[in-house]
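Trainee: Supplied in structure tokens, the structure appears directly below.
The values are calculated or read from the model by the stated rules, or taken from the named source; none is laboratory data. What you are looking at is a predicted structure, and each value in this text was computed from that prediction instead of being measured. Every residue, glycine as well, gets a Cβ built from its backbone with ideal geometry; the counts of neighbours run over all protein chains shown. Keep in mind that these areas ignore ligands, DNA and RNA; they rest on the heavy atoms of the full protein, side chains included. Shrake-Rupley method; radii C 1.70, N 1.55, O 1.52, S 1.80 Å.
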Amino acid sequence: MIVAANAVQWDQLYDLPLLERLGPAQPEIINHVTAVNLALNVAERPCSTEVDAAFQDDVRAAMAAMPASVQALLDGVLLGVRYARQLGSSAISDIVVSFEGVILGVVVALDVEAFESRTANAWATWKENTPFAPKDGYKLSAQIAQPEDDNRQGALQYLLLHEFGHVLSAGRGLLHDWWLDAQSLRGADDYHYLPLAWRIDAEKKVVPLADNEFALRGEIVYYHGARLAGSQMAHAYAQLEQTNFATLYAATSVHEDFAESFASYVHAVMLGKPQAIRIEKDGALLLQFDGYWEAPRSAAKRALLARLLD
């Protein structure tokens with residue numbers, strides 16, 4: 001939760017068109033992420049940054065190419081996309097509140113360094129390798145763009161779709177709100193999305209449904225220190241194929257599940273773009289993970305996202 005130093009200045013951002021709510025991260029964002037990183041022993045210390053015109057154009061174009069229904073849903077809740085360095089992940093999203101606790105909206109902070117020199121497939125491959133320690137002979141590659149569209153704009157669009165999934169989950173009854181403590185949880189069936197893949201246990205923890213639990217799930221950590229070996233890549237994805245999670249990242253928490261499902265649905269179904277993981281050993285294919293939205297295991301999530309977006 002980010003506390004606004006001046007609620008009026010934040011609220012005035014809604015006067016700008018959606019595609020113009022871009023710029024360097026405000027001090028409140030930097031202070032908030034710094035505090036979170038310190039609490040979690042994350043080494044990175046964020047700072048606000050300007051970007052050049054080409055980067056700004058890529059962000060704006062990535063948002064402009066999103067479906068009209070996505071842009072319409074964002075317009076009244078997204079306070080903007082702000083630029084920073086050393087966030088500790090590709091981006092973060094959080095609510096902004098006044099000193100009185102009134103929710104003003106949700107803001108996205110984007111780590112410029114993650115995208116300055118990476119195309120769509122290079123960024124996706126880098127991100128999807130972060131849970132695995134390198135192992136000779138093992139290779140994981142990710143594709144989210146055709147060769148002719150493999151550029152930075154494509155990387156930014158997929159990342160922003162993920163973050164916009166967080167933005168649009170806030171306060172909609174799809175999930176429990178991430179900024180509230182566990183005691184505020186209602187029953188699982190009081191949420192629209194949560195019971196499709198998760199349940200609330202007796203200790204008020206949100207845990208996967210039995211069919212969605214798998215042996216390696218607890219070892220999946222993105223960005224902050226790989227806990228799986230490269231030799232476990234194929235095992236992790238083979239186990240993932242037995243669940244209704246769209247991606248490996250989705251299996252890490254209910255909030256990442258919705259954000260990943262949202263991003264993947266818009267990307268693959270609405271925009272018709274590729275999304276595939278290939279795992280090889282010594283050049284031989286071990287496993288290919290793709291076609292999630294055509295598989296029966298995606299049916300419930302696909303139906304909900306279609307109602308929300310189509």
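Trainee: Where both partners of a DSSP beta bridge lie in the range 68-138, what percent of those bridges are antiparallel, to the nearest 5? It would help to have the intermediate numbers written out before the result.
Mentor: Values: 7 of 13 bridges.
Within the range 68-138, antiparallel bridges account for around 55 percent of the total.
Trainee: So, one more: Multiply the residue separation of S184 and A54 by 0.36 nm, subtract the distance between their alpha-carbon atoms, and state the gained length in nm to one decimal. Walk me through the numbers before you get to the answer.
Mentor: Numbers: separation 130, 0.36 × 130 = 46.80 nm, distance 4.40 nm.
Contour length minus the Cα-Cα distance gives 42.4 nm.
Trainee: Apply the Karplus parameterisation 6.51 cos²θ - 1.76 cosθ + 1.60, with θ equal to phi minus 60°, to every residue of the range 51-58 and state each ³J(HN,Hα) to the nearest whole Hz, in sequence, with x for glycine and proline.
Mentor: 10, 7, 4, 5, 5, 4, 5, 5
Trainee: At 7 Å along the Cα-to-beta-carbon direction for both D11 and F99, put a label point, then send me their distance in nm to one decimal.
Mentor: In this crude spin-label approximation the distance works out to 1.5 nm.
Trainee: Give the range of the longest stretch in the chain that excludes all trypsin sites (Lys or Arg not before Pro) found in loop regions by DSSP and having at most 16 other beta-carbon atoms within 10 Å.
Mentor: On the way: sites that count: K135, R172, R186, K204, K205, R227.
With a cap of 16 other Cβ atoms within 10 Å, the longest stretch comes to 1-134.
Trainee: Continuing with the same structure: Can you compute the modelled spin-label distance between E20 and Q71, with each label point 7 Å from Cα toward Cβ, in nm?
Mentor: Result: 1.4 nm between the two label points.
Trainee: Accessible area per residue of the chain at 1.4 Å probe, in Å²? Intermediate results must be reported in sequence, preceding the final value.
Mentor: Details: 13330 Å² over 310 residues.
Per-residue value: 43 Å².
Trainee: Between rounded, prolate and oblate, where does the range 8-117 land on the alpha carbon gyration tensor, with a ≥ b ≥ c its root eigenvalues, rounded for a/c under 1.5, else prolate if a/b exceeds b/c? Walk me through the numbers on the way to the answer.
Mentor: Details: a/c = 1.92, a/b = 1.15, b/c = 1.67.
Oblate shape, in that a/c is at least 1.5 and b/c is the bigger or equal ratio.
Trainee: Excluding residues fewer than 8 places away in the same chain, name every one of the lysines whose C-alpha is closer than 23 Å to that of K301.
Mentor: K205, K273
Trainee: Still on this structure, I have one more. Post the alpha-carbon centroid distance, the range 91-123 to the range 146-188, in whole angstrom.
Mentor: A separation of 11 Å, based on Cα centres.
Trainee: Please state the shape class of the range 178-254: rounded when a/c is under 1.5, otherwise prolate if a/b exceeds b/c and oblate if not, all from the C-alpha gyration tensor.
Mentor: On the way: a/c = 2.59, a/b = 1.75, b/c = 1.48.
In terms of gyration-tensor shape, prolate.
Trainee: Any chance you could look up the accessible area of D58 with a 1.4 Å probe, heavy atoms only, rounded to 10 Å²?
Mentor: Only protein atoms counted, so the area is about 40 Å².
Trainee: Students often get this wrong, so try it: which of (i) 115, 38, 35; (ii) 56, 48, 41; (iii) 57, 44, 41 is Cα extents along the principal axes in Å as calculated from the structure shown?
Mentor: Computed from the coordinates, Cα extents along the principal axes in Å corresponds to (ii).
Trainee: Separate question: Given H placed 1.01 Å from N in the peptide plane, which residues other than close sequence neighbours of K135 have an amide H under 5 Å from its amide H?
Mentor: G230
Trainee: Between N31 and E219, how high is the FRET efficiency from 1/(1 + (r/R0)^6) when r is the Cβ-Cβ distance and R₀ = 25 Å? Nearest 0.05. Show your work: numbers first, answer last.
Mentor: On the way: r = 32 Å, r/R0 = 1.28.
Calculated value: 0.20.
Trainee: Among N151, Q9, V51, which residue has its Cα positioned farthest towards the positive end of the charge dipole of the chain, with +1 placed on the Cβ of Lys and Arg, -1 on the Cβ of Asp and Glu, and the dipole taken about the Cα centre?
Mentor: N151
Trainee: While we're on this one: Considering only protein heavy atoms and a probe of 1.4 Å, how much of the accessible area of the chain is carbon and sulfur, as a whole percent? Please list the in-between numbers first.
Mentor: Numbers: 6790 of 13330 Å².
Solvent-exposed carbon and sulfur of the chain make up 51 percent of the total.
Trainee: Add -39500 (n - 2.57) for each DSSP H run of 4 or more in the chain, then divide by its residues: what number comes out at 222 nm, to the nearest 500 deg cm²/dmol? Don't skip to the end; give the middle numbers.
Mentor: Values: 9 runs with 96 residues, N = 310.
For the chain, the value works out to -9500 deg cm²/dmol.
Trainee: Name the shape class, rounded, prolate or oblate, that the alpha-carbon gyration tensor gives for the range 191-305, where a ≥ b ≥ c are the square roots of its eigenvalues, rounded holds for a/c under 1.5, and otherwise prolate holds if a/b is larger than b/c and oblate otherwise.
Mentor: Numbers: a/c = 1.93, a/b = 1.17, b/c = 1.65.
It is oblate, given that a/c is not under 1.5 and a/b is not larger than b/c.
Trainee: Where in the range 262-300 is the amide nitrogen less than 17 Å from a point lying 7 Å along the Cα-to-Cβ axis of E241?
Mentor: 275-281, 284-298
Trainee: What are the ³J(HN,Hα) couplings of the range 112-124, residue after residue, when phi is run through the Karplus curve with 6.51, -1.76, 1.60 and θ = phi - 60°? Round to Hz, x for glycine and proline.
Mentor: After applying 6.51 cos²θ - 1.76 cosθ + 1.60, I find 4, 5, 5, 10, 4, 10, 10, 7, 4, 5, 5, 5, 4 Hz.
Trainee: Also, quick follow-up: What percent antiparallel are the DSSP beta bridges of the chain, to the nearest 5?
Mentor: Details: 23 of 36 bridges.
Here the antiparallel bridges make up roughly 65 percent for the chain.
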